[in-house]
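What follows is one structure encoded as structure tokens, with my remarks underneath.
The values are calculated or read from the model by the stated rules, or taken from the named source; none is laboratory data. It should be emphasised that the depicted structure is a prediction, and the values quoted were computed from it without experimental measurement. Note that each Cβ is placed from the backbone with ideal geometry, even for glycine, and that neighbours are counted across all protein chains shown. Surface accessibility is based on the protein's heavy atoms, side chains included, excluding ligands, DNA and RNA. Shrake-Rupley method; radii C 1.70, N 1.55, O 1.52, S 1.80 Å.
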Amino acid sequence: GEGKSSRLSKVLKTQKHIVNSISSSSSSLMQDGVFLISANYEAKNSDVVIPEIFKQIDLIKNGEILEDEIQKAKNLIETTTYFNRESISDVANELGYTMLYWGNLKNYDEYVKNIKKITKADVIRVAKKYLKSDIYAISQVVPVGFKNSEIPISDIKNYDAKIVSKSNDKIKYELNNGIELVVQKRADNSIIAIEIASVGGNHIESTP
């Protein structure tokens, strides 16, 4: 999903013209991680864009991926890694990240070497393990008044909310699942910003 020559960009943008742009990224954490696909498209195309994204994921899980695609991705990761190690501060940041999440600096030295070892079978195995059809979330921002079509969501849950506090333009809600939601409206621009935070650390590691 990275770059104009990636599968998602070639199929959805260049060949089918159903998106203006599309990309993918991942965030690797100590335990959980997030794989994200983002696309910009006309709201009317949601019927075809979302199923096509899932189709491309399924093709990879079923082994329909070329060795050239894998090699291109490996080359891109290698180039990006060395580029991100150009300055002393960049190196320090990566060393700190590696030590924090891996407990040692071995991964820093062997990262590129391990990337080069990745095979087609590895890609298929990992795609089947993590890109499952029952552990994803879809978020769409569409124009006011647009009637959204059915999106393949595995389970929809509705939660009641009660107002906990109010102050000027800020309202704090508590959902019946325990999640707290703070909504603050600003009239000086039309930007919608969302931030999600959760409790973590050693003190909750024993929590189921």
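Here are the numbers for this structure:
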{"item": "Residue ID - nearest to Tyr108 (Cα to Cα), chosen from residues in the range 72-96 that are among the charged types (D, E, K, R) and open to solvent by 50 Å² or more (accessible area, probe 1.4 Å)", "result": "Asp90"}
{"item": "Test for Lys113: is it of a type outside the set (S, T, N, Q), exposed (fewer than 12 other Cβ atoms within 10 Å of the Cβ) and assigned to a helix (DSSP H, G or I)", "result": "yes"}
{"item": "Every pair of residues 6+ apart whose Cβ atoms lie under 6 Å, when the first sits in the range 120-142 and is touching a residue at least 12 places away in the same chain (Cβ under 8 Å) while the second is open to solvent by less than 60 Å² (accessible area, probe 1.4 Å) and among the basic types (Lys, Arg)", "result": "Ala127/Lys61; Lys128/Lys61"}
{"item": "Pairs where the first residue, in the range 62-74, is in a helix (DSSP H, G or I) and the second is at pLDDT below 95 and among the acidic types (Asp, Glu), C-beta under 8 Å, 6+ apart", "result": "Ala73/Glu2"}
{"item": "Contacts under 6 angstrom Cβ, first residue in the range 16-38 being assigned to a strand (DSSP E or B), partner open to solvent by 90 Å² or more (accessible area, probe 1.4 Å), 6 or more apart", "result": "Ser26/Phe35"}
{"item": "Residue ID - modelled with the highest pLDDT, chosen from residues in the range 121-154 that are more than 25 Å from Leu59 (Cβ to Cβ) and either under 16 Å from the mean Cα position of the chain (by Cα) or open to solvent by 90 Å² or more (accessible area, probe 1.4 Å) (or both)", "result": "Val141"}
{"item": "Cross-chain or 6+ apart pairs with Cβ under 8 Å, the range 81-99 first and free of Cβ contacts under 8 Å to residues at least 60 places away in the same chain, then of a type in the set (A, V, I, L, M) and open to solvent by 70 Å² or more (accessible area, probe 1.4 Å)", "result": "Leu95/Leu105; Thr98/Leu105; Met99/Leu105"}
{"item": "Only listed residue being under 19 Å from Ile124 (Cβ atoms) and touching a Gly at 6+ places or on another chain (Cβ under 8 Å), chosen from Ile65, Ile37, Ile22, Ile57", "result": "Ile37"}
{"item": "Sole exception among (1) modelled with pLDDT under 90; (2) under 20 Å from Gly33 (Cβ atoms) for Glu110, by number", "result": "(1)"}
{"item": "Residue identified as out of contact with any strand residue (DSSP E or B) (no Cβ under 6 Å at 6 or more places or on another chain) and in a loop (DSSP other than H, G, I, E, B) among Tyr82, Tyr136", "result": "Tyr136"}
